[in-house]
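Here the structure comes first, spelled out in structure tokens, and everything after it is commentary.
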Ligand code: FA5
């Protein structure tokens, strides 16, 4: 019996110490100690040996069993430790690796430029105002000295909702709302979306305007020129000059178109300014006395100036953008060029 047990024990200990993983180890447990295991078979065979030899044989088998159990336990702990080590290696995080950079958003170029324009004018004491985008014909046209059927209506192709209601074609109606509801002195800046039936590389059916209005005593064209000179230097560069050309708007008299020296060539003449050295940026003028009367302001006592510009146009000039549609397509590669500190 001892020999048999010794052979079995030796074989079991070798196999256990060579087990590759916990599954293999469990198979060995079943093979030797399971209900039909090889050592269990020897125990069951005790009944076939003479009774006086049974205690000694039983002792030998039990000692072998304890040795196998001990070896299984030891190997199990060893395998567990190895598996844990392997997992730690596999899941190891290198905390010195650089993190994944999050893609940061940025202000839209139209908002960047709008904020710059607003900053310049609010530093002169202008107050920011909003007006409705769906507007009465009266405020968009009639109060601004453009009666129904006046040819000047053709200057702004209009989206009508019905005979009296339309999508505002400019931010000028805010002038009329403010003048109706406040007493001078008035110094406001109105901004927002406006709509016209226009669509090409330099015109969009929806675009953004900013409008300035000053009403007070003793206001002259020189004040307008001074303010717009400062604005041009602030929004383009220190060396920018302005030029006033006579123009026509029904709500201002006299009216002017304002040009600035080309920010790309400095006035020498280039592709951007079509060789002229000048770029048209806005419309302006002294508020027409009829508009003052329409809005309940005494033109004998007060006067003022107004100006209106397209934010898209200023943005295109400032950044050399050739097609206005780029500003509305939300192409990320285009927009990300305006991120600060790229
Ligand atoms: C006006 O809208 C006047 N209300 C401006 C004004 C205000 C004059 C106060 C005098 C006193 P105008 O139609 O020129 O003017 O438009 C002003 C600017 O809006 C233009 O210089 C141009 O930059 C921009 N603009 C006009 N139509 C479009 C369009 N379809 N898409 C993009 N920008 C446009």
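Assorted remarks:
- Residue within the range 43-51 that is touching a residue at least 60 places away in the same chain (Cβ under 8 Å) and surrounded by fewer than 12 Cβ atoms within 10 Å (Cβ to Cβ) present: no
- Where residue 245 falls short, out of the listed (1) under 20 Å from residue 230 (Cα atoms); (2) touching a helix residue (DSSP H, G or I) at 6+ places or on another chain (Cβ under 8 Å); (3) loosely packed, with under 15 Cβ neighbours inside 10 Å: (2)
- Every residue from the range 263-290 that is more than 10 Å from the ligand (Cβ to nearest atom) and touching a helix residue (DSSP H, G or I) at 6+ places or on another chain (Cβ under 8 Å): 263, 272, 279
- Of all residue pairs spaced 6 or more apart or on separate chains, none has beta-carbon atoms under 8 Å together with a first member in the range 311-332 that is more than 19 Å from residue 281 (Cβ to Cβ) and outside the structural domain of residue 116 (by TED's automatic domain parsing) and a second member that is more than 9 Å from the ligand (Cβ to nearest atom) and modelled with pLDDT under 90.
- Of all residues in the range 119-132, those satisfying the criterion of being surrounded by 11 or more Cβ atoms within 10 Å (Cβ to Cβ) and not in a loop (DSSP other than H, G, I, E, B) are 119, 120, 121, 122, 127, 128, 129.
- Among the strands (runs of 3 or more DSSP E) confined to the range 249-342, the ones with at least 1 residues that are surrounded by fewer than 16 Cβ atoms within 10 Å (Cβ to Cβ) are located at 252-261.
- The condition (being more than 14 Å from the ligand (Cβ to nearest atom) and more than 35 Å from the chain's Cα centre (by Cα)) is satisfied by just one residue among 247, 220: 220.
- Top-ranked residue in the range 167-200 [being within 9 Å of the ligand (Cβ to nearest atom) and farther than 20 Å from residue 249 by Cβ; ranked as surrounded by the most Cβ atoms within 10 Å (Cβ to Cβ)]: 199
- When we screen 210, 161 for residues that are at pLDDT 95 or above and out of contact with any helix residue (DSSP H, G or I) (no Cβ under 7 Å at 6 or more places or on another chain), the only hit is 161.
- Of residues in the range 144-160 being touching a residue at least 12 places away in the same chain (Cβ under 8 Å) and part of a loop (DSSP other than H, G, I, E, B), the one farthest from the ligand (Cβ to nearest atom): 150
- Within the set 314, 321, the sole residue that is away from the ligand (no atom under 11 Å from the Cβ) and touching a helix residue (DSSP H, G or I) at 6+ places or on another chain (Cβ under 7 Å) turns out to be 321.
- Selection status of residue 135, in the same structural domain as residue 317 (by TED's automatic domain parsing), surrounded by fewer than 20 Cβ atoms within 10 Å (Cβ to Cβ), in contact (Cβ under 8 Å) with a residue 24 or more places away in the chain and away from the ligand (no atom under 12 Å from the Cβ): no
- With respect to the stated conditions, residue 300 fails to be in contact with a strand residue (DSSP E or B) (Cβ under 6 Å, 6 or more places away or on another chain) and modelled with pLDDT of 95 or more.
- Condition check for residue 203: modelled with pLDDT under 95 and within 13 Å of the ligand (Cβ to nearest atom): yes
The values are calculated or read from the model by the stated rules, or taken from the named source; none is laboratory data. Remember, predicted model here, so these are calculated numbers, not experimental data. So basically every Cβ, Gly included, is an ideal-geometry build from the backbone, and we count neighbours across all protein chains shown.
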